[in-house]
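Written out below as structure tokens is the structure these notes cover.
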Amino acid sequence: MTAPVIGSPTDPRGATPPEPATVPPPTATPVPAADATTAQTPAPTPAAGPPSAPEPLWFLRVNPLRRARLADAELRRQLVLLTAAEQTLAEASAAASDELYERIGAAADDAERRELIALRRAVNSGKAPKKTPGPASPVLDAWLRARQERDRVRAELVAGYPDAAERERGVLAELLGDPDLLRSLALVAPEVHQEAERYRAAVRAPGKVPAKSRKSERGLIQYVTRAMVRTSPLARFTAVGIAEPDPAASGPDEAGFPGATAFPGLDRVMLNYVLGGLPDPADRAIEDMWIGLPPTSAPDPAAGKLFFLKPSPEGMRRAAVALDGPAGDLLDAVSMGPRPFPSVVAHVAERSGIAAEDADQKVRGAVAQGLLCTFHAAEDGSTDYDVLLTPDDPRPVTKRLTDRVKAGMPAFTAAPADERGAALAELRGALGELSHAAGRPAHVTVEEDYVMPPLKVATEPWKESLKDLGPAVELLTVFDWLHDVRVLMTAAFVERFGPGANVPLAAHAPFVVGEVSRRAAAMAAVYGPDGPGDPTALKGIGPADGSLERIYELRREVTEELHALIGGAVERGDDTLRISPEQVAGLTGDLPERFRRDPLIYGILLQRGDGHLVLNDGLPGHGMLYARFLEADRRLGGRALPRLAEHVRRVYGYDGARVTEDLGLHRLNVNAHTPILPGGLTPDDWFGLRLAHDPETDSLRVEDADGAPLRVLPLGTGHPGLFPPPLSVASGLAISGRLFNALPNSWHAATPWDRATTRTAPRMAVGDVLIGRRRWYGGEELGAALAAGPEEHERLLALNAWRAKYGVPEEVVVKTVPEDEGPLSVGAPDIQSKRLQQKPQYVDLSSALGARVLPRMLERRGADTGGSYLEEALPGVVDGSHATEWVVEVGRTAGGRFTYHPSTQAEER
């Protein structure tokens, strides 16, 4: 009997969820979505005159948490009053200082002059005068009244601060009580979940929250505030939904949260490994199995070794082999994933130049040593869990354990927040026992996706803004490092193999990737922050047509022009630097045509704030960001999968090339997804592909075993920088990279700064699209405000004064300037770990608790006020709302310019 996948849709009309909904298995007929707001799923309306191609799918990411400002409303009111009183006092002080200066000069005697000088010093320093000034004057009376009013407001705020902090603790406890938040914490951060429950109990208890509980506030506030503004899919922190454009639907600004269904999952990489250790149901010999690299092994390129678990009479022990030693042939054979035993043997024999019999023994020996392992079937990232967890192992213990896992998955998903910990413990316990029974130590991670019903969205309300999105992307794509990678691959290939060469892809991809890395390092030495920046120094690194040198020269020109514009906006005190689409066309017009030759799609992450579209990020846009949710969408009645398949075939198959996808997991569960394109590549297929050079266009292409052109798209959500070399090369010829607006940071780095005073950078806008929010580099001024004390309220008051001086809003996001944004940064483990540590962090600077924990937050980031900056939180937190973000495709056809929906809009050529 098939075990159902159980989900708990959240009713958007109230806090109490309805009964769990049962989602049919993949073989069942899809059912309509569970109860959702009719605004999201209206009845389909026939379109009047369909365009040449439908609009691309939109992807919605919503945080289910109903948001609430942490800052106490009364405290915020008092801070506003204090700011106004401080401003009034500053104006009165300036007038009083001027009057006193005149009076000092006209003083009749030294005694009077000394009194006036002392009084003026008190006025200028903001200190209270030792005696009431005389004789009275309207200006001095105004200063005294302003000072008294400021002191009164300040005293009132200080007196009310403790109660305000306690009220904020009540708000924090209420936010921590959100069922979806608690369920997510129980899954991904059980220690935080337990601390959240203890904290909530402490707040509910009579009296003030004890000091022990207050110590946990930094971590709890970080989780809650990130949840209020971030929309990265992880457990129930974020619900996702795929939307079809429909003119009869509601617009993007009315997305809301229609409820979602939870889909439990397991790490398929580790699960397949564990199941491969169970007795084969047909008692097959090793010759009939698949051979692969255990996911528990760990390559260490720096040490040149692969560490793995080797069986011994005492149990498993850690062993290592050299990556380029005798084991290199074995590792290369399975570099794209598990392959049939005969394929591995043939590969080792050919690559080593040894007899098939010797290769056979070598593979068997590697399996016996634990360097390689067996699997009962080919790697599959989409098989239903019910099928995976129904092995024909005759041992009763196996069926008992797999039945526990099958029952435990829907059980943990349906469990209330306070019971989820126990349900997860049962499921994880069963997985641990299954791993032990298989004789393969492994931690199988339990996961959960939260998927909304199939959505509809009317794109017309954003029509005018979407027109400006194309020029915004056109500007930022100049700095996309994938352009460099493509031409570097071509140059390295031609230098090694010659024009027109045609070589096996898998055999030579490691050389191409290594050579690109080497050349990228040389480029960084020339064009990095400490390099001379002379594009002519790159000669010989790129192709012979000089396109690499030209794109670097263009980047320098664009950077210098925009740095000047930013600097001018700062000098004028402009809030926003506005760049017209016409200016973008002028700035980017000299981009070498080889960088426009092929179609390209970005997935642009957008929010709406202050009447503008705000561009958060740009990533490869051919469905990678939502491919893993396509099966859930299908089960809920959606049709996103066939629409995406048609879309990418149309865009990337424009010249007749066959478009397909890679099916491998590559040791990353996020690559698991339902196959989308026909003829997906298996590990064996990769070793039949070839890499060919076209001398006429000086470009590389992938060919299948029959010599037909092939475009390979990665449709998992793994980071492209972590792909194995053959996939890295093949996908790098087709996909886009990341869009990142580094211009404000590079302007800041290039402009002399004393690090003492705070520096402000304006917003950057292309038409109606913000490509950069306003930001503040705090310097020593911010450092001094953060160090204010010893009383807690003194830091809040110092931050308030600093905000007032520079126009900093209450809500900001702390960000850190990346250490490296070039092509070498995508896969560097140290860079990746720092990025995890230095994720953007929302902070409410008008909150007592926010100000209290901010220094510790910054310390935990490993960032000082020079390496970090504050950015306006746009959009900000609105009570009762949900954090919402859309992913919209922006692309270009071959030779064209970027637009939204390029297949139906006219383009500049």
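Return yes when A640 is farther than 21 Å from L466 by Cβ and open to solvent by less than 20 Å² (accessible area, probe 1.4 Å) and no when it is not. When the stated conditions are applied, A640 does not pass them.
Residue count for region 284-311 satisfying the condition of being part of a loop (DSSP other than H, G, I, E, B), more than 19 Å from L668 (Cβ to Cβ) and touching a Phe, Trp or Tyr at 6+ places or on another chain (Cβ under 8 Å): 1.
Inspect all residues belonging to region 457-466 and state whether any of them is surrounded by fewer than 22 Cβ atoms within 10 Å (Cβ to Cβ) and touching a strand residue (DSSP E or B) at 6+ places or on another chain (Cβ under 6 Å). Yes: one or more hits. Do we have any residue at all in region 628-644 that's without any contact (Cβ under 8 Å) to a residue 24 or more places away in the chain and part of a helix (DSSP H, G or I)? So far as region 628-644 goes, yes, one or more of its residues are without any contact (Cβ under 8 Å) to a residue 24 or more places away in the chain and part of a helix (DSSP H, G or I).
When the residues of region 604-627 are filtered to those that are in a loop (DSSP other than H, G, I, E, B) and farther than 22 Å from E661 by Cα, the one that is least open to solvent (accessible area, probe 1.4 Å) is G611.
Listed here are the residues, each with its yes/no results for (1) at pLDDT 50 or above; (2) open to solvent by less than 70 Å² (accessible area, probe 1.4 Å); (3) under 30 Å from E810 (Cα atoms); (4) part of a helix (DSSP H, G or I).
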{"position": "T38", "(1), (2), (3), (4)": "no, no, no, no"}
{"position": "T41", "(1), (2), (3), (4)": "no, yes, no, no"}
{"position": "T45", "(1), (2), (3), (4)": "no, no, no, no"}
{"position": "P56", "(1), (2), (3), (4)": "yes, yes, no, no"}
{"position": "L65", "(1), (2), (3), (4)": "yes, yes, yes, no"}
{"position": "L70", "(1), (2), (3), (4)": "yes, yes, yes, no"}
{"position": "L75", "(1), (2), (3), (4)": "yes, yes, yes, yes"}
{"position": "L82", "(1), (2), (3), (4)": "yes, yes, yes, yes"}
{"position": "L89", "(1), (2), (3), (4)": "yes, yes, yes, yes"}
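Scanning for something in a helix (DSSP H, G or I) and in contact (Cβ under 8 Å) with a residue 60 or more places away in the chain, does region 661-679 turn up at least one residue? Within region 661-679 (the criterion being in a helix (DSSP H, G or I) and in contact (Cβ under 8 Å) with a residue 60 or more places away in the chain), the answer is yes, since at least one residue qualifies.
So that you can scan it fast, the table gives a plain yes or no per residue for (1) touching a residue at least 40 places away in the same chain (Cβ under 8 Å); (2) of a type in the set (D, E, K, R); (3) assigned to a helix (DSSP H, G or I):
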site: R519; (1), (2), (3): no, yes, yes
site: A522; (1), (2), (3): no, no, yes
site: A525; (1), (2), (3): no, no, yes
site: R556; (1), (2), (3): no, yes, yes
site: L562; (1), (2), (3): yes, no, yes
site: I566; (1), (2), (3): yes, no, yes
site: L577; (1), (2), (3): yes, no, no
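Restricting E156, E168 to those that are assigned to a helix (DSSP H, G or I), within 42 Å of the chain's Cα centre (by Cα) and of a type in the set (D, E) reduces the list to E168. Could you please find all residues in region 409-429 being closer than 25 Å to A201 by Cβ and either open to solvent by less than 30 Å² (accessible area, probe 1.4 Å) or not in a helix (DSSP H, G or I) (or both)? Within region 409-429, F412, A415, P416, A417, R420, A423, L424 meet the criteria.
For region 211-247, the set of residues classified as assigned to a helix (DSSP H, G or I) and under 30 Å from L57 (Cβ atoms) consists of R226, A227, M228, V229, A235, R236, F237, listed by residue number. Taking the numbered list (1) over 26 Å from the mean Cα position of the chain (by Cα); (2) of a type in the set (D, E, K, R); (3) closer than 26 Å to R597 by Cβ; (4) surrounded by 18 or more Cβ atoms within 10 Å (Cβ to Cβ) in turn, R635 passes all entries but (3). Flag set for A442, criterion: in contact with a Pro (Cβ under 9 Å, 6 or more places away or on another chain), more than 30 Å from G256 (Cβ to Cβ), aliphatic (A, V, I, L, M) and buried (at least 22 other Cβ atoms within 10 Å of the Cβ).
Out of everything in region 419-446 that is charged (D, E, K, R) and in contact (Cβ under 8 Å) with a residue 12 or more places away in the chain, what residue ends up being nearest to Y273 (Cα to Cα)? Here the residue is R440. Taking the numbered list (1) in the same structural domain as N502 (by the TED database); (2) open to solvent by less than 30 Å² (accessible area, probe 1.4 Å); (3) assigned to a strand (DSSP E or B) in turn, P726 passes all entries but (3). Checking each residue in region 354-392 for being open to solvent by 70 Å² or more (accessible area, probe 1.4 Å) and more than 29 Å from L266 (Cα to Cα) picks out E357, D358, Q361, R364. May I ask you to list the residues in region 430-439 that are assigned to a helix (DSSP H, G or I) and open to solvent by less than 60 Å² (accessible area, probe 1.4 Å)? Matches in region 430-439: A430, L431, G432, L434, S435, A437, A438. Of all the residues in region 288-319, those that are out of contact with any strand residue (DSSP E or B) (no Cβ under 9 Å at 6 or more places or on another chain) and open to solvent by 60 Å² or more (accessible area, probe 1.4 Å) number 4. The residues listed here are G277, G315, G304; of these, the one that is in contact with a Gly (Cβ under 8 Å, 6 or more places away or on another chain) and over 27 Å from Y450 (Cα atoms) is G277. Residues in region 571-579: is at least one of a type in the set (G, A, S) and open to solvent by less than 40 Å² (accessible area, probe 1.4 Å)? For region 571-579, residues of a type in the set (G, A, S) and open to solvent by less than 40 Å² (accessible area, probe 1.4 Å): absent.
Regarding A692, is this residue aliphatic (A, V, I, L, M), in a strand (DSSP E or B) and not assigned by the TED database to the domain that holds V485? No: the conditions fail for A692. Tell me whether region 474-484 contains one or more residues that are under 19 Å from V729 (Cβ atoms), of a type outside the set (S, T, N, Q) and more than 28 Å from the chain's Cα centre (by Cα). The answer is no, given that none of the residues of region 474-484 is under 19 Å from V729 (Cβ atoms), of a type outside the set (S, T, N, Q) and more than 28 Å from the chain's Cα centre (by Cα). For region 580-603, a tally of residues being in a helix (DSSP H, G or I) and surrounded by 13 or more Cβ atoms within 10 Å (Cβ to Cβ) returns 8. Got at least one residue in region 320-336 being touching a residue at least 60 places away in the same chain (Cβ under 8 Å), in contact with a strand residue (DSSP E or B) (Cβ under 9 Å, 6 or more places away or on another chain) and open to solvent by less than 30 Å² (accessible area, probe 1.4 Å)? Checked against the condition, which is being touching a residue at least 60 places away in the same chain (Cβ under 8 Å), in contact with a strand residue (DSSP E or B) (Cβ under 9 Å, 6 or more places away or on another chain) and open to solvent by less than 30 Å² (accessible area, probe 1.4 Å), region 320-336 yields at least one hit. Quick one: is G265 under 30 Å from R420 (Cα atoms) and either of a type outside the set (K, R) or open to solvent by 50 Å² or more (accessible area, probe 1.4 Å) (or both)? The answer is yes for G265.
The rows are residues; the columns are (1) modelled with pLDDT under 95; (2) in a helix (DSSP H, G or I); (3) of a type in the set (S, T, N, Q).
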| site | (1), (2), (3) |
| --- | --- |
| S343 | no, yes, yes |
| V387 | yes, yes, no |
| V397 | yes, yes, no |
| D403 | no, yes, no |
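For region 462-500, the set of residues classified as of a type in the set (V, I, T), within 16 Å of F740 (Cβ to Cβ) and in contact with a Gly (Cβ under 9 Å, 6 or more places away or on another chain) consists of V473, T477, V485, listed by residue number. Within the span defined as region 469-488, one or more residues are part of a loop (DSSP other than H, G, I, E, B) and open to solvent by less than 40 Å² (accessible area, probe 1.4 Å).
The values are calculated or read from the model by the stated rules, or taken from the named source; none is laboratory data. Worth saying up front: this structure is predicted, and the values here are computed from it rather than measured. Cβ atoms come from the backbone with ideal geometry, glycine included; neighbour counts cover every protein chain shown. Remember, those area values only see protein heavy atoms, side chains included, never the ligands or the DNA or RNA. Shrake-Rupley method; radii C 1.70, N 1.55, O 1.52, S 1.80 Å.
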